[in-house]
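The structure appears below as structure tokens.
The values are calculated or read from the model by the stated rules, or taken from the named source; none is laboratory data. All values derive from a computational prediction rather than experimental measurement. Positions of Cβ are backbone-derived with ideal geometry, glycine not excepted, and every protein chain shown enters the neighbour counts. The accessibility values were calculated without ligands, DNA or RNA, using every heavy atom of the protein model including side chains. Shrake-Rupley method; radii C 1.70, N 1.55, O 1.52, S 1.80 Å.
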Amino acid sequence: GASAMATEVTKAKVATSKLISQGHDSFELIFMMLMGIRTAVGKFASATCNHVGPQEFNQKWEGDFVGQGSPETPAHSHADFKFKDYAPLVFRQLRERFGITAQDYMLSLTSEYVLVEMFTNSKSGSFFFYSADYRFVLKTCTKREAAFLMAALPQYHAHLMQHRFTLLCRFFGLHRVHHRSGKRVYFAVMGNVFPIDKPIHERYDLKGSTRNRFTTDAERQDPNVVLKDLDFINARRKLQLGDDKKRRLLTQIKKDCELLERLEVIDYSMLIGIHRSASSTTSRRGPRPASMFYKVAAGGAEAGGGKSDAGKIAGGLWEAEQQRRAAVQIVDTVSQEELHEQISRKTRAGDDASSDVSDGMEPAELYKEVYYVGVIDILCEYGLKKQLEHHYKAAKHGEKVGAQNFSVVDPLQYSTRFQNFIADGLA
């Protein structure tokens, strides 16, 4: 009833204020990221490149984005910044490989609108957000991860060019924004594993490890919660694929994991999104509440969203913030369902670009569930840090702790355990 509504609004207020108080910095940064990408993509859109070789893998473009603009860069109303684009032609080829034209890409990243789902990864201090049409995820990374991606790029690129149905998360760009404060932020653009035209009712992030891999009761109250390995086991969850699709999925995972073994990475996850189609919404859980996203416009008044109801949600805090400096506006809160409706209306009928998993990697609608899967977080090197953690845990938990419970295992063990866990979860 009314009280439930009130709690929702209070929650929204808190979330909104949290979002705004993360400061104008992150939104100024988002603005710089988007403007930098669009400029760089435009710059290389017409360059001919039939073959990517060592030169292309090592290529970098740097633009100096001064406020009044320059022959190479557009004018803007933010602080001056520098933007660096890594291996532009390699990433362009990867985008084209998956049917993303320069024009599409610039359009997706064009508006100053972005979608921020209300969570950040406090553990790593990285933050991420979606392009306004939900097709791309932009995520900050460390200098070390950026360097690692660059070193792995030739092998990664070859793998994606060779395997159209790879489940590895798709990197479509690697960039750096250099703020005049001296701060350098590295970030990557990735394809969203989840579809833009169907709501996801259940999400899992599976690693094949059981130590601490569960969500709390409180976390599970959130409709967007990403469940973990122990939740998956406790729910006795199985993805109903049927033999043929199961075999094909496992074959592809094996190929992808072989690359990850060669790159010596660990800690990656299988991200699974489950969409229940209309005929089965009466499943025993009942439909889950709509996920809320915050649609955020960077760049003050020209965003033109000042009169939206979001203002009412945030109440007085909103006014106070507006008076300080209107660099950020929460233009709207949208549920995932609404978002999908808007997008499917916009998407040209029959445009299948977003679902390049169609060739049978798209699992059966047996049981009227559709699964979206991808392997994410693939930049964690099994290196010094991990070995230290291994020694630390062995000392703390005693040597007799079963090896399968360490979160740190070598790349081969990790891959094997990961593949076994996924195979067990398929029916």
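Structural remarks
- The stretch between ALA79 and LYS238, if pulled fully straight at 0.36 nm per residue, gains 52.2 nm over its current Cα-Cα span.
- Mean separation of Cα contacts under 8 Å, 6 or more apart, over the residue count of the stretch 17-191: relative contact order %: 23
- Label-point separation, THR48 to ALA427 (7 Å along Cα→Cβ), nm: 5.6
- The heavy atoms of PHE171 offer some 10 square angstrom of accessible surface to a 1.4 angstrom probe.
- Rounded to the nearest whole Hz, the Karplus-based 3J(HN,Hα) values (6.51 cos²θ - 1.76 cosθ + 1.60, θ = phi - 60°) of the stretch 231-237 follow the sequence 5, 5, 5, 5, 7, 6, 6, with x at glycine and proline.
- Computed magnitude of the charge dipole of the stretch 17-191 (debye, nearest 20; Cβ of K, R +1, Cβ of D, E -1): 480
- Share of carbon and sulfur in the accessible heavy-atom surface of the stretch 17-191 [1.4 Å probe, %]: 52
- Rounded accessible area of TYR294 (nearest 10 Å², 1.4 Å probe): 10
- When each of the peptides 132-139, 144-151, 67-74 is scored by how many other beta carbons lie within 10 Å of its residues on average, the order from highest to lowest is 132-139, 144-151, 67-74.
- Given LYS139/LYS198; LYS43/LYS255; LYS82/LYS198; LYS143/LYS238; LYS246/LYS393; LYS238/LYS393, the pairs whose alpha carbons are separated by over 28 Å: LYS43/LYS255; LYS82/LYS198; LYS143/LYS238; LYS246/LYS393; LYS238/LYS393
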